[in-house]
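Enquirer: Before I ask anything, let me first share the structure, which is written out below as structure tokens.
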Amino acid sequence: EAYIDLRNAGAGTRKVQIAVTSKNSQVTIAKIDPAEVEVELQPVRKKMVTLTVDVQGKPAKGYSLDSVKLKQSLVTVSGAETFLKKIASTRAQVILQGTETKNMTKKVQIVFYDENDLVLEGLTVEEKDLEADVLITEVEGTKDVGVKASVSGAVVNGTVKKVEINPAVVSVTGSSENLGKLEVLETAPIDLKSATESFETKVKLVLPNGITLAPGQPLDVSVKVEIEKP
């Protein structure tokens, strides 16, 4: 293996001899070519830089990223002065795996970029275990559901022949979980005990928790009850 010894070297440019050793005692080094190499050593400097958030990926389906807040926005970077001068931006990468469904704290990875948006190597962040608070919200969806008239009681003199609802279908919004549970939307109760003939009335819709009417949808519906007399 070949190596150079820089243990006592200071800052500056110099030529250093290349040393070669072999772990095999039967191998003899006959010639080293090149015999030396030119190296430039720079003193390690430090610099404070501001972090910007760089989110990679998305949360789980049905959820969206609300916000990302870094617990620390300034970090100390150490490295050669020429490298420090090339820093154009320092990004704190937050990696989303596509499975996130709730708020969480994630570790961030610091990446340095030059003015051409190329990654810079050879720089070290002195702070360890940098984190960010990630807020995840569930996305509301829309669903068309049928409307069912909630009737109670019996007609004293006659029978209910037909019940018509207008509109018979409305659009509602809610989380994917709440929408998945909703099959039909009922009206407020309609009492038929005092009905003696066919009638039409306006009744409000009963919305379950977590469900709202989509924009432009009516707050109540028209229910027409046709009663057939004996």
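Enquirer: Take residues that are in contact with a Lys or Arg (Cβ under 9 Å, 6 or more places away or on another chain), buried (at least 17 other Cβ atoms within 10 Å of the Cβ) and of a type in the set (Gly, Ala, Ser) and tell me which of the strands (runs of 3 or more DSSP E) falling wholly in segment 113-230 contain 1 or more.
Expert: 131-138, 169-174
Enquirer: Okay, moving on. Checking the conditions here, which among Lys102, Lys85 is over 25 Å from Val44 (Cβ atoms) and outside any strand (DSSP E or B)?
Expert: Lys102
Enquirer: Starting from residues that are in contact (Cβ under 8 Å) with a residue 40 or more places away in the chain and among the acidic types (Asp, Glu), keep the ones in segment 110-144 and report whichever is nearest to Glu177 (Cα to Cα).
Expert: In this case the residue turns out to be Glu138.
Enquirer: In the list Lys71, Lys107, Lys102, which residue meets the criterion of being loosely packed, with under 14 Cβ neighbours inside 10 Å and in contact (Cβ under 8 Å) with a residue 60 or more places away in the chain?
Expert: Lys71
Enquirer: Please go through segment 76-99 and pick out each residue that is within 27 Å of the chain's Cα centre (by Cα) and loosely packed, with under 12 Cβ neighbours inside 10 Å.
Expert: Gln97, Gly98, Thr99
Enquirer: Which one is modelled with the lowest pLDDT, of the residues in segment 19-49 that are within 15 Å of Val77 (Cβ to Cβ) and either assigned to a strand (DSSP E or B) or of a type in the set (Asp, Glu) (or both)?
Expert: Ranking the candidates gives Val44 first.
Enquirer: Would you check if there is a residue in segment 29-47 being closer than 19 Å to Lys106 by Cα and of a type in the set (Asp, Glu)?
Expert: There is no residue in segment 29-47 that is closer than 19 Å to Lys106 by Cα and of a type in the set (Asp, Glu).
Enquirer: Can we say Leu96 is under 16 Å from Gly122 (Cα atoms) and in contact with a Lys or Arg (Cβ under 7 Å, 6 or more places away or on another chain)?
Expert: So Leu96 does not fit the description; no.
Enquirer: Go through segment 28-39 and report how many residues are surrounded by 10 or more Cβ atoms within 10 Å (Cβ to Cβ) and out of contact with any Lys or Arg (no Cβ under 8 Å at 6 or more places or on another chain).
Expert: 3
Enquirer: How about segment 82-94: which of its residues are without any contact (Cβ under 8 Å) to a residue 40 or more places away in the chain and of a type outside the set (D, E, K, R)?
Expert: If the condition is that a residue be without any contact (Cβ under 8 Å) to a residue 40 or more places away in the chain and of a type outside the set (D, E, K, R), then Leu84, Ala88, Ser89, Gln93 are the ones that fit.
Enquirer: Please go through segment 107-155 and pick out each residue that is polar (S, T, N, Q) and under 27 Å from the mean Cα position of the chain (by Cα).
Expert: Once the filter is applied, which keeps residues that are polar (S, T, N, Q) and under 27 Å from the mean Cα position of the chain (by Cα), segment 107-155 yields Gln109, Thr137, Thr142.
Enquirer: Which of the following residues is on the phi > 0 side of the Ramachandran plot, modelled with pLDDT under 95 and among the small types (Gly, Ala, Ser): Gly153, Gly141, Gly180?
Expert: Sole residue among the options that is on the phi > 0 side of the Ramachandran plot, modelled with pLDDT under 95 and among the small types (Gly, Ala, Ser): Gly153.
The values are calculated or read from the model by the stated rules, or taken from the named source; none is laboratory data. These numbers come from a predicted model, not from an experiment. Counting neighbours? That spans all protein chains shown, and the Cβs are built from the backbone with ideal geometry, glycine included.
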